[in-house]
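The structure appears right after this line, and notes come after that.
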Amino acid sequence: VFEGWLHGFQSLSSPHELLFLGLGVTVGLFVGVLPGLGGVATLALITPLTYGMSTVSSFALAGGVMGAVPMGGAITAILLNTPGHGANVVTCLDGYPLATQGKAGLAIGAAASSNAIGGLIGAITVLAVLPLANVLVFAVGPPEFFLLALLGLLLVATISRGRLLRSVISAGFGLMLATVGYSSVTGGARFTFGSDYLWNGIPITPPLIGMFAVAEMLNLMIKGGSVLNTQTSVKVTNVTSGLVESFRHWGTLLQGSLIGTFLGCIPGCGAAVSSFLSYSITARFSKDPESFGKGNIKGIIATEAAVNAKDGSTLIPTLALGVPGSAEMAVFMGILILHGMQPGPFMLIGHQTEIYSLIWAITASCFVASAIGLLLARPLSKVTAIDSQLLAPIVIVIAFAGSYAVDREVDNIIITAVFALFGYMSIRFDFPRIAMVMAMVLGGIALRSYEQSMMISNGSWSIFVTRPVCMVLVFCIIVGLLAPILLRRSGLRLARGDAARPLSRPEEVGDAKVKLSDG
Amino acid sequence: MAKLRSDLIRYLPSVGAFLITAAYLATAYTYKPAPRAMPVLIGWSVLVLLGLDILSLSPTVMGRQLTAWLNPARNDQRRAGLVPHRQWIALGSLGALTLGFVLLGVLVACGLYVFLMAALFGRRSLLTALIAAAAVTCFVWLMFVQFLHVELYPGLLFVHVFHISE
């Protein structure tokens, strides 16, 4: 195991890979400050760029992006009350009040150190748990994969809180798209309409680029103006005190990191859920709950630690089981597939060095992003002022060119455009895109595993309840089904109680300057 | 008239999705029993869910109850401030860009699109638009052709009319 860690570290520490890591961190920071784009769209955008790179270089680039985006988003959340993506919404709650009190530096410093420590704790967890995942090679078969995918699909419904029906409809559409192509299990092509391009199913990368990168830019272009509508002057001072502050509240830091780590292991449980839960638990059990939402530094520490700890632990279901732990991971799976890797138990045996370099890359990027973020806090905030009429066309053409470059297919461009339209319509009419993407990825696994299971059991469904791991998964599915009802009840109780601030919907936070992406 | 239009827009996505699903289901039934089993199951499930969604949009007691239970955070007025012509221009330009990529190739379409969008839609000066277009085209060429060694698509027009090889 230690040899694997060491090899991973060595392969990442060459100047070439460090350059890509630095590039990823820089891109991640810049994109992180743009509301809506976030890690999902950025990963979708860089996926085709990794074509032709070595696997470790692509992982360094992707890891850099994944680790840096939350830090970029935290900076604008604190300085401008403009969250970079869903998870940063909670950072606004206490970050912006601190900024208005002239303590922006304190808040950014705390966010940076919490980010780095949270990322480190998440990475240590993965490093510790991942080797044990080899055992799964012999314990997990088609029935378990089907149930895991089913569990992931059920959790999709919880991604967009308050939009259960439309989430499930979007997931249904994702499943429908997953059925396109030739089925090697049942034989025969489905919904290909004679097209060779669709024979292997709809490729995952062009739809992702269309639905996130292009659709988000279209939305920005239609809204007009810049990402940030008003120029706000910002003061960034007292950063060092902020760095120390996280260590002073080490209990909150550890609690947030552990919550993020735990939730990251559950497929479909995104960064937004981790940050909301970490924040609400910290506020609820604080001696001074009234101060939350008015500029309590613990609010930032709990949130940022959870967000970055989740990044590492999300790799566990993604790499060990082939079930993407989050939307980012669904896109990241595209990079893995592009480099000839099939995520799942066997990947842990064949690609240990690459996997460990990825974990090191994410860990390093958390620290590098925090350091660069501190240095570039002020200039970064100006990215939000770039006119969308200039920014959007540039991003769109790069996305289109990238989509073509995935496998040099002109059809990719058409698919990207169709899914961009689909993505924009989803934003416009409030259908969560993330549910569709997760279902597209999980749908392939679910369909294949279901059909294989049926073949193994001669059509008997008992295979899903007689194997030990299956029984555990069935139990998890039942819990997953009951959880929304229980959470709803506890949420009602919380609302009746003495919560410092309502935490019902991300869109309610701040001045509602931005439309939050469901990505 | 305005109310009717707004009602139509409200129902349009769900009804459209319903029709797409119905077509999917009809196609699924043309396959043999084994390959169609899952598509049929998924198709019918989505149809039922879309039926519920359409019902939840109706101004009835059941509609309101369904919304409260299944979609409490739905916000159909989310884009109330939308300027329709900007939407059509943006979506139309996306179609034109796609056509441009296929006919004129990646590099030409990239430059042309950025130039036209910056100059016409973004109301930038011709010089600014030109600089932006040139910079992006250079970036795409450097990144993909030089750095990643990806041959960019030259476009149908150049392949067939000017006989430039792919």
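The values are calculated or read from the model by the stated rules, or taken from the named source; none is laboratory data. Predicted model only: the values in this text are computed from it and were never measured. A quick note on method: Cβ atoms are made from the backbone with ideal geometry, for glycine too, and the neighbour counts reach across all protein chains shown.
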>> What's the total number of residues in the stretch B:32-71 that are facing chain A (nearest Cβ under 7 Å), basic (Lys, Arg) and surrounded by 13 or more Cβ atoms within 10 Å (Cβ to Cβ)?
In response: 0
> Just checking, how many residues over the stretch A:164-201 are more than 7 Å from chain B (Cβ to nearest Cβ) and among the β-branched types (Val, Ile, Thr)?
Replying inline: 3
> Looking only at residues in the stretch B:108-142 that are within 7 Å of chain A (Cβ to nearest Cβ) and of a type in the set (A, V, I, L, M, F, W, C), which one is farthest from A:Ala392 (Cα to Cα)?
Replying inline: B:Val140
>> Restricting to the stretch B:93-107, name every residue that is farther than 15 Å from A:Leu220 by Cα and either within 7 Å of chain A (Cβ to nearest Cβ) or surrounded by fewer than 18 Cβ atoms within 10 Å (Cβ to Cβ) (or both).
In response: B:Gly95, B:Ala96, B:Leu97, B:Thr98, B:Leu99, B:Phe101, B:Val102, B:Leu103, B:Val106
>> For the stretch A:223-251: of the residues being of a type in the set (S, T, N, Q) and within 15 Å of A:Gly109 (Cβ to Cβ), which is modelled with the lowest pLDDT?
In response: A:Thr237
